Amino acid sequence: MTTLTDNRPDDFDVYWTSVQEELAGIPAVPEVDELPLRSTDYATAYVVHMTSIGPYRIFAHLSIPKGAGPFPTRYYLPRYGSVVEQIPQGFTNAQRREYVTFSVGVRGQRGADQPFAAAFPGLLTHGISHREAYVYRGIVADCLRALEYLVTRPEVDGSKVVAMGGDLALVTAALGSGLTHLVCTPAMFFATADAAPRTEAYPLQEVNDYLRHDPSQRDAVARTLSYFDLRWFAPRVKVPSLVMTEGDGDLLSGAALAPLTSALGTAPEVNKTRYSGFKDNVYVEEWVTRQFGLAGTILPAHWQG
């Protein structure tokens with residue numbers, strides 16, 4: 001196993017407290033508009049706009065089941081890409097019958113790309129040489145702001161709120177309030193300065209390209225990335241968690257991620273990906289259903305035996 005650098009910044013807590021304090025000083029000013037095109041006979045769709053640090057205006061897709069609530073709730077954190085979907089690909093729209101679903105669009109993503117339109121590839125290294133200017137500082141604040149709004153909705157069952165996504169889901173669970181469960185597939189911020197040189201896979205290859213272009217920034221980049229390392233957030237996660245890992249021998253295998261999963265505040269369930277959207281998503285759905293104590297798992301019709 002590759003030895004990982006223990007580069008936790010001495011001012012890690014100060015850095016993130018400053019983000020939280022900055023966010024607290026900016027009113028969210030939410031605007032909620034119904035989206036009839038995405039509404040159905042069983043759920044009403046909305047677009048929500050909110051203000052995050054910067055100040056910057058972000059948005060989210062919100063879907064609320066028709067009928068008497070409150071309802072179990074899924075908070076989908078954004079994937080690495082330009083488009084934010086109401087329901088991520090691979091999950092069934094039928095979940096909107098029983099769950100409040102909420103998908104946030106952070107700065108730079110389509111729908112929140114004024115005045116900043118993110119480049120893909122490119123977002124991962126935007127401002128990366130300066131910890132205060134790094135774009136993910138603002139993106140984390142965006143995710144926290146959206147969670148703050150979500151848990152104020154009276155339709156949300158506060159005992160059943162799961163964050164689902166990649167690195168941002170875990171960071172949000174660590175820094176935010178109101179989540180009860182976490183599903184996380186680490187991809188970018190696990191010991192990145194050590195991991196990136198050992199892969200040519202996107203998006204970590206962006207870090208390698210950036211440093212090939214300007215090797216003089218290596219120490220500054222490593223310093224910035226140290227504030228986003230999932231290992232340092234893990235002890236703050238106090239909710240039941242499912243961590244999806246890569247296969248044995250891969251960069252983010254279960255063995256490689258052991259320093260992360262062993263540090264989580266609540267012992268997680270760890271599952272090795274099967275490299276199959278069908279099988280992985282069935283596993284996730286069954287885990288969420290079991291954790292929430294619900295009667296049945298909601299799967300696409302063609303996945304049901």
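Read-outs: derived from the displayed coordinates by stated rules, not from any lab. None of these values were measured; they are calculated from a predicted model. Methodologically, a virtual Cβ is constructed for each residue, glycine included, from the backbone with ideal geometry; neighbour enumeration extends over all protein chains shown.
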Problem - Antiparallel DSSP beta bridges within the chain, as percent of all bridges there, nearest 5 - result: 50 percent
Problem - Most to least packed among 70-83, 135-148, 152-165 [average Cβ atoms within 10 Å] - result: 135-148, 70-83, 152-165
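Just to verify a number: FRET efficiency for Lys279 and Gln205, C-beta to C-beta distance, R0 = 25 Å, to 0.05?
0.40
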Handout entry: Estimated distance in nm for a label pair at Asp33 and Phe120, the labels positioned 7 Å out from Cα along Cα-to-Cβ
Key = 2.2 nm
Exercise for the section: State, in angstrom, two size descriptors of the stretch 24-96 derived from its alpha carbons: Rg to one decimal place and Dmax to the nearest whole number. Expected result: 13.7, 39
Handout entry: Footprinting exposure proxy for Ile26, Ile87, Ile64, Ile58 (fewest neighbouring C-beta atoms within 10 Å first)
Key = Ile26, Ile87, Ile64, Ile58
Practice task
Kindly put Glu132, Glu85 in sequence by how many other C-beta atoms sit within 10 Å of each C-beta, fewest to most.
Solution key: Glu132, Glu85
Handout entry: Separation of the Thr266 and Gln20 label points, Cα + 7 Å toward Cβ, nm
Key = 1.8 nm
Problem - Helix-only [θ]222 nm of the chain, DSSP H runs n ≥ 4, -39500 (n - 2.57) each, per residue, nearest 500 - result: -8000 deg cm²/dmol
Fill in the blank from the handout: Taking r as the C-beta separation of Ala68 and Thr289 and R0 as 25 Å, the FRET efficiency to the nearest 0.05 is 0.75
Problem - Computed lengthening from Asp194 to Lys238, 0.36 nm per intervening residue step minus Cα-Cα distance - result: 13.2 nm
Problem - Sorted peptide list for 263-271, 35-43, 170-178, criterion being average Cβ within 10 angstrom, highest first - result: 170-178, 263-271, 35-43
Practice task
Note down the nm distance, to one decimal, between modelled labels 7 Å out along Cα→Cβ at Arg212 and at Tyr42.
Solution key: 4.9 nm
Exercise for the section: Within the stretch 1-84, report the GluC sites (Glu not before Pro) that DSSP leaves as loop and that have at most 10 other Cβ atoms within 10 Å. Expected result: none
Problem - Shape metrics for the stretch 12-290, restricted to C-alpha atoms - Rg then Dmax, Å - result: 18.2, 59
